[in-house]
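See below for the structure under consideration.
The values are calculated or read from the model by the stated rules, or taken from the named source; none is laboratory data. Predicted model only: the values in this text are computed from it and were never measured. In this analysis, Cβ positions are derived from the backbone assuming ideal geometry, glycine residues included, and neighbour counts consider all displayed protein chains. When the accessible area is computed, the model is the full protein with side chains, heavy atoms only, and any ligands, DNA or RNA have been set aside. Shrake-Rupley method; radii C 1.70, N 1.55, O 1.52, S 1.80 Å.
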Amino acid sequence: MCGINGVLLKGKNETENISKILSKMNMEIIHRGPDQDGFFVKDTDEYALGFAMRRLSIIDLSTGKQPMFSEDGKICIVFNGEIYNYLKLKDSLLEKAVKFHTTSDTEVILRLYENFGTQAFAMLDGMFAFSIYDQNKNKIFIARDYFGEKPLYYTPNKGNLIWGSELKSIISVIGQKPEISKQGLNLYFQLTYIPAPYTIYSNIHKLEANHYLEINCNDQSYNIVEIDQNFKKNVDPNISFEEAKSTTHTLINESVSSRSIADVPLGTFLSGGVDSSIVSLALSKQTNSNIDTFSVGFDKKSFDESDKARTVANIINSNHHEFIISVDDLKSNIDDILLNFDEPFADSSSLPTYLVAHKTRQHVKVALTGDGGDEVFGGYNKYYMGKLNAKYSSLVPEVAHSTFKKILNPILSTKDDKRGKRFKAKKLLNAINYNDEFYYNIISLAYQKREVEGILKANNFIDDSLQYYKNKIGKNNNTLTDFRNIDKIISLEGDMLVKVDRTSMLTSLESRAPFLNKEIWNFTSQLPEDYLMKGWNKKYLLKDSFKQYFPDQFLDKSKKGFGVPVGDWLRGYLSNELRSYTETEFLMKQDIFNVAEISQIVEKHLSGKEDNTFKVWTFFCFQKWYKQTYERIPS
């Protein structure tokens, strides 16, 4: 696990100059890899290139140093991540008489590439972003893993190409202040985050998950190529539920086993929910000694679920570490957490995620998580809302629905950030759609499209910022499989995995997600949908596969998620900062927002007339980024 950086410059350049650029980029990501750094610089008459990395040593502590080279020195790799099937892949290469000099997964990628070229990328089960320079072809290949667990940003810049694991590295060396992307701006205020391939900057991009860049060194041109996984349809269409349960049990245990390989101490995040409970259970059964589990609770009881984590910890007899969070715990960390994303990011669960990662890092260097369980096994409330939309829209004419919205929205409005039944009913009411847009409305967590139009000045608004994804995914998305696929491409990559990567790496902790396994995704995607969600019973297959290990009905208990009472905080100790972001002079200078509209939304929340938590928190996070990151970038 580490962070990587790279540059490709046109024409001949001094190697010392390239080294300075790489060193500056590396300094920005020391938190990702505090154990070692490494550099590779090459200068030719046509081009100059450099690779750099920061390493967090997890596997092969003594001989896994990077960059790593082929026998003849003509192929070079820097790698961020972990390859969980590297031992199996290594055995297959040893059978071909391939020689190895280390015990690291980095060398396995290198040898695979030497033997199979870019076809090797689909063989990898893991989380990764890596750069390979092949002097024989005068090409660079930069690849990202199937789900997008590890980040990769890149920018064409004045005829050159610059890339890295975090935006801050790129910003530090491009030599100019990038323009704000209208696409990124609109996506952010609709979703609360910006998914690949976009960023908040116009000419800086995220490499999409399961893709690689193929770069021609001679002219700096590049192609973006999707990795062909060649998934097999290997599940019997008539598979019984009992057979599916048995396979699920086996696949998850195997995935936990492969993701627990480490030469350093390891534990689990344990929230008490279905996913983290099953991961913790599986790890405990594969380990001779008691495992370490870590959880956080809240001093606001309506958000606290630490009792569920304690129940699981007692069942598996873990060494359980519990941390209760209050506002005071966040006051000294909130800027570091939010600004570390390098662009606006308003998932408030990043705050407790950071704190549990920070506390966990004091005990272990690697933590297994339950991330991805909802997407893989159908666990979100929003998945059965699709059924409600279909039923409702078939019974209620669109004109009548518009009338209901006008009447019910004021009634369903709440004054406090409790996110109870009224909050959920209002969310569903406003997401109902008669034109195949329902699920995109559901994942619009802050502002619906027309609300974005209301808060942004006309020249900043894009009529359909999600069009790229709609073109990619296709129309008529009405099934659970459709919803899961949309989440995989947009929400998982753009929100969940960004949150986990940045918060854990800020503390130099490696997080691994056993549910994010290509084989498990391929398996569940071939099953009858009612195995995943039976009626209103979410994650039915997953829960039934492991229910024998837990008390009756335990896995059926509702879970609030990693929510944080930011609505209260915005009215409390953050209120002065929030008000500073709505000062007319500042908003006019920004020239982004409709001043009256955004000011009214904020004021209604501050006065307690209306709970606008998600809208105001999204605005607050944007303004914090703008004021403390964007304004400080030299022009």
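Summary of computed values
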read-out	value
Mean separation of Cα contacts under 8 Å (6+ apart) over length of the chain, as relative contact order %	15
The stretch 62-119: C-alpha gyration tensor shape, a/c 1.5 cut-off, then a/b vs b/c	rounded
Computed label-point distance, nm, for sites S402 and E71 using a 7 Å Cα→Cβ extension	7.3
Within straight-line cross-link reach of K405, lysines at Cα separation under 18 Å, skipping those fewer than 8 residues along the same chain	K391, K421, K424, K426, K427, K449
Paramagnetic reach from Q286 in the stretch 356-371 [backbone N under 14 Å; point 7 Å along Cα→Cβ]	367-370
Shape call, the stretch 22-132: gyration tensor on alpha carbons, a/c limit 1.5	oblate
Percent carbon-and-sulfur accessible area, the stretch 527-635, ignoring ligands, DNA and RNA, probe 1.4 Å	47
Net charge contributed by nearby residues that have their C-beta within less than 15 Å of D125 (K/R +1, D/E -1)	+1
Cα convex hull of the chain, projected area averaged across orientations, nm²	28.1
Cα-centre dipole for the chain with unit charges at Cβ (Lys and Arg positive, Asp and Glu negative), debye to 20	1360
Cβ-placed point charges (K, R +1; D, E -1), dipole of the stretch 1-137 about Cα centre in debye, nearest 20	120
Solvent exposure ordering (accessible area, 1.4 Å, most first) of Y626, Y468	Y468, Y626
Highest to lowest packing among 597-608, 536-547, scored as the average C-beta count within 10 Å	536-547, 597-608
Residues Y468 and S332, FRET efficiency given R0 of 41 Å [Cβ-Cβ distance, rounded to 0.05]	0.60
Greater than 18 Å apart at Cα, pairs in K10/K42; K331/K359; K20/K206	K20/K206
Too-long pairs where the Cα-Cα distance tops 19 Å, listed order kept, from K308/K488; K74/K99; K285/K534; K475/K534	K308/K488; K285/K534; K475/K534
Length gained when the stretch N216-Q362 is fully extended (0.36 nm per residue, less Cα-Cα span)	48.2 nm
Cα lying deepest toward the dipole's positive end in the chain, options F147, T287, Y573, charges on Cβ	Y573
Heavy-atom surface of the chain, accessible at 1.4 Å and reported per residue (Å²)	40
Options P265, L87, W625, ranked by Cα towards positive dipole end of the chain, top entry (Cβ charges)	W625
Dipole moment magnitude, nearest 20 debye, the stretch 478-635 about Cα centre, only Lys, Arg, Asp, Glu C-beta charged	380
Antiparallel bridges, percent of DSSP beta bridges restricted to the chain (to nearest 5)	75
